[in-house]
Amino acid sequence: MLKTIEGTWFEFWHHNIPEGKYWNPICRHFTEEQWRAKVDEIHGVGMKYIVLMCTSMVYDSYAESYFPTDIYPFAGEMACKNPIEILLDEADKCGIKVFISCGFYGNWEHTLENMTSEDVTQRAFQAMTELTKYYGHHASFYGWYFPDETCIDPYFLEEFITYVNRYSAFAHQLDATKKTLIAPYGTNLLKADETYIEQLKRLDVDIVAYQDEIGVQKSKPEETAAYYAALRKAHDAAGRSALWADMEVFEFEDEVYRSALIPACMERVERQLQSISPYVDTVLCYQYLGIFNRPGTIAFCGHPESIRYYNEYCDFVEKVTGKRPK
């Protein structure tokens, strides 16, 4: 059966400045009421999961946090002074499950350094401890997301496996009930063979949500069925991590990675879902914020075409499920 999108990434600030052109300046000034409205929109289209991209952001000469901590200064320009609390509180009311990020506690562009640096790891572990203390009582706090992603070319880097397993072990010390999630790329490059299966067996993570890489123009919808079919066999053989998809619902306004993210067309998204639905357990998307907007929302952020996209997605959900979202 054709799947619908069951979850989305979420952020208070987009790490790639050109890509966030249409929502970064607006979200900076969102009030508590507006953040709550955005979570309610996500719930309204039938999504059950939110993956918070980062709990802090680090550039070469700048760092900020989105919760009370002495690791980095709070993002002072933000109108909402405790956005993670608001996100989780509203998610509690909506029944949404939230994965909280363990990053970025080093420059977001320096992925390998972040995975291997002891200083970055200790900052991340301090943050995880504080985040558990502040927000662990929320029913919606479902798990952890490890955002320093790797390219699987054609296998996981051993450094990545070490990173994931170390963070998972620490997460389990804090609360053994929390799930763990990664979303690697390189889906078109990986070899889902015996070597890969053995890596999956050693990778201590509950969910792997592979990027379909359609929006970044590394794959086409008609190609991804073969990728996910091979991954289905590998995950079944490994018997360990759930197989999810991180489906890209955007396109670029101009040059890939160097221009704004804007809504794609619904026809392409439907083809993406047709390709991956038979093989994955759950489809997440990157991302609702900035790419979709409910008509009349008090929390509009993103390209003007995002309203058209929202309506077309609601049409699609009604066609598949027989029920129209709010």
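If you take the charge dipole of the stretch 144-296 about its Cα centre, with +1 on Lys and Arg Cβ and -1 on Asp and Glu Cβ, which of Ile214, Ile276, Thr187 is farthest toward its positive end?
Working it through, the farthest residue towards the positive pole turns out to be Ile276.
Counting other Cβ atoms within 10 Å of each Cβ, which trypsin sites (Lys or Arg not before Pro) in the stretch 219-280 have at most 14 and sit in a DSSP loop?
Arg258
Can I get the semi-axes of the stretch 189-326's equivalent ellipsoid? Compute them from the C-alpha gyration tensor as square roots of 5 times the eigenvalues, in angstrom, largest first.
30, 17, 13
Which of [x] -0.48, -0.74, -0.89, -1.24; [y] -0.43, -0.66, -0.80, -1.14; [z] -0.49, -0.71, -0.84, -1.10 is the computed log10 I(q)/I(0) by the Debye sum over Cα atoms at q = 0.09, 0.11, 0.12, 0.14 Å⁻¹ for the structure on display?
[y]
So which of Lys93/Lys178; Lys133/Lys178; Lys81/Lys326 end up more than 23 Å apart by C-alpha?
Going by Cα-Cα distance, Lys81/Lys326 fall outside the 23 Å limit.
I want to check the label-to-label distance for Thr162 and His29. Put each point 7 Å from Cα in the C-beta direction and report it in nm to one decimal.
Each label point lies 7 Å from its Cα, and together they span 4.7 nm.
Report the full-extension gain for the segment Ala225 to Ala79: residue separation times 0.36 nm, less the Cα-Cα distance, to one decimal in nm.
Contour length minus the Cα-Cα distance gives 48.2 nm.
Dipole of the stretch 233-302, Cα-centred, from +1 at each Lys and Arg C-beta and -1 at each Asp and Glu C-beta, to the nearest 20 debye?
220 debye
Using the heavy atoms of the protein chains and a 1.4 angstrom probe, tell me the accessible area per residue for the chain in square angstrom.
Accessible surface, normalised per residue, equals 39 Å².
Quote the charge dipole size of the chain about the Cα centre in Debye, to the nearest 20; the model charges only the Cβ of Lys and Arg (+1) and of Asp and Glu (-1).
1020 debye
With point charges of +1 on the Cβ of Lys and Arg and -1 on the Cβ of Asp and Glu, referenced to the Cα centre of the chain, which listed residue (Pro325, Met57, Ala242) lies farthest in the positive direction of the dipole?
Among Pro325, Met57, Ala242, the one farthest towards the positive end of the dipole of the chain is Pro325.
Based on Cβ point charges of +1 for Lys and Arg and -1 for Asp and Glu, what charge dipole magnitude is obtained for the stretch 16-58 about its Cα centre, in debye rounded to the nearest 20?
Charge dipole of the stretch 16-58: 100 debye, to the nearest 20.
At 0.36 nm per residue, and after removing the present C-alpha to C-alpha distance, how many nm does the segment from Asp206 to Asp92 gain when stretched out fully?
Roughly 38.8 nm would be gained on extension.
Rg(Cα) of the stretch 71-157 divided by 2.2 N^0.38 Å?
1.24
The values are calculated or read from the model by the stated rules, or taken from the named source; none is laboratory data. Since we're looking at a predicted model, the values are computed, not measured. FYI the Cβ positions are ideal-geometry reconstructions off the backbone, even for glycines, and counts take in every protein chain you see. Side chains are part of the model used for accessible areas, which takes the heavy atoms of the whole protein and leaves out ligands, DNA and RNA. Shrake-Rupley method; radii C 1.70, N 1.55, O 1.52, S 1.80 Å.
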